[in-house]
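Q: To start, I am sharing the structure in question, which I have written as structure tokens.
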Amino acid sequence: MINDRVRDLLVEQVGHELSAHQAYFGISLYFEGQSLKKWARLFHGQSVEEAQHASKIIAFLLDNEVTFDLPAVGVATTQYGSARAAVETALASEMRVTGQFDALAAAAQAAGDHRSLQFLQWFIEEQVEEERTMRELLDLIDSGINLFAAEQVLEAQE
């Protein structure tokens, strides 16, 4: 049985994941507007991945017979001052999500909710990759490479 506090945090996390989905889609549109198609595709992929994360949590809740309403999702911007600002926003979002999953795991552990704690391990590992990816993109931008030339680097990483 899922602990009530953990259940509430998981439902809340669905909203966070859907908000991240929307934020990444906005970043994708920013890059699309800059004619940086591969950057746009990368962030579109991140957007889809965040929606999949929400779906994974939803499936876990449904499998455990938890009824809930989907949390509201707010507005996401498509306007950034620079590519660096867009990627910094993504990194800040990933770091925030890492904190949310850490808090979820701590709540599950404190409640003795081993089922949820086990489920959350995948997300905790995933966050390491997500943060690393955004830091690598910042390093690429900070290298001084032209963003259009950097698209070749992005393509090689696919």
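Q: Looking at (1) open to solvent by 30 Å² or more (accessible area, probe 1.4 Å); (2) in contact with an Asp or Glu (Cβ under 6 Å, 6 or more places away or on another chain), which one does E155 not meet, given that it meets all the others?
A: Failed condition: (2).
Q: Are any residues in segment 28-68 in contact with an Asp or Glu (Cβ under 8 Å, 6 or more places away or on another chain) and without any contact (Cβ under 8 Å) to a residue 12 or more places away in the chain, and if so, which ones?
A: none
Q: Using the structure shown, decide if L70 is open to solvent by 10 Å² or more (accessible area, probe 1.4 Å), within 17 Å of the chain's Cα centre (by Cα) and of a type in the set (A, V, I, L, M). Full working, then the answer.
A: On the way: open to solvent by 10 Å² or more (accessible area, probe 1.4 Å): yes; within 17 Å of the chain's Cα centre (by Cα): no; of a type in the set (A, V, I, L, M): yes.
No, not satisfied.
Q: Those residues that are over 30 Å from M1 (Cβ atoms), free of Cβ contacts under 8 Å to residues at least 40 places away in the same chain and more than 18 Å from the chain's Cα centre (by Cα), I need them from segment 73-108; list them, please.
A: Result: G81, S82.
Q: If you don't mind, another one. Look through segment 3-26, keep the residues that are closer than 18 Å to D102 by Cβ and of a type in the set (A, V, I, L, M), and return whichever of them is surrounded by the fewest Cβ atoms within 10 Å (Cβ to Cβ).
A: If we take residues in segment 3-26 being closer than 18 Å to D102 by Cβ and of a type in the set (A, V, I, L, M), then V11 is surrounded by the fewest Cβ atoms within 10 Å (Cβ to Cβ).
Q: Might you check whether a residue that is in contact with a His (Cβ under 8 Å, 6 or more places away or on another chain), of a type outside the set (D, E) and open to solvent by 20 Å² or more (accessible area, probe 1.4 Å) occurs anywhere in segment 101-115?
A: Let us first name the residues in segment 101-115 that are in contact with a His (Cβ under 8 Å, 6 or more places away or on another chain), namely 108.
Now drop any that are not of a type outside the set (D, E), which leaves 108.
Okay, now just the ones that are also open to solvent by 20 Å² or more (accessible area, probe 1.4 Å), so none.
For segment 101-115, residues in contact with a His (Cβ under 8 Å, 6 or more places away or on another chain), of a type outside the set (D, E) and open to solvent by 20 Å² or more (accessible area, probe 1.4 Å): absent.
The values are calculated or read from the model by the stated rules, or taken from the named source; none is laboratory data. Model, not experiment: these values are computed from the prediction. Note that each Cβ is placed from the backbone with ideal geometry, even for glycine, and that neighbours are counted across all protein chains shown. Surface areas here come from the heavy atoms of the whole protein model, side chains and all, with no ligands, DNA or RNA. Shrake-Rupley method; radii C 1.70, N 1.55, O 1.52, S 1.80 Å.
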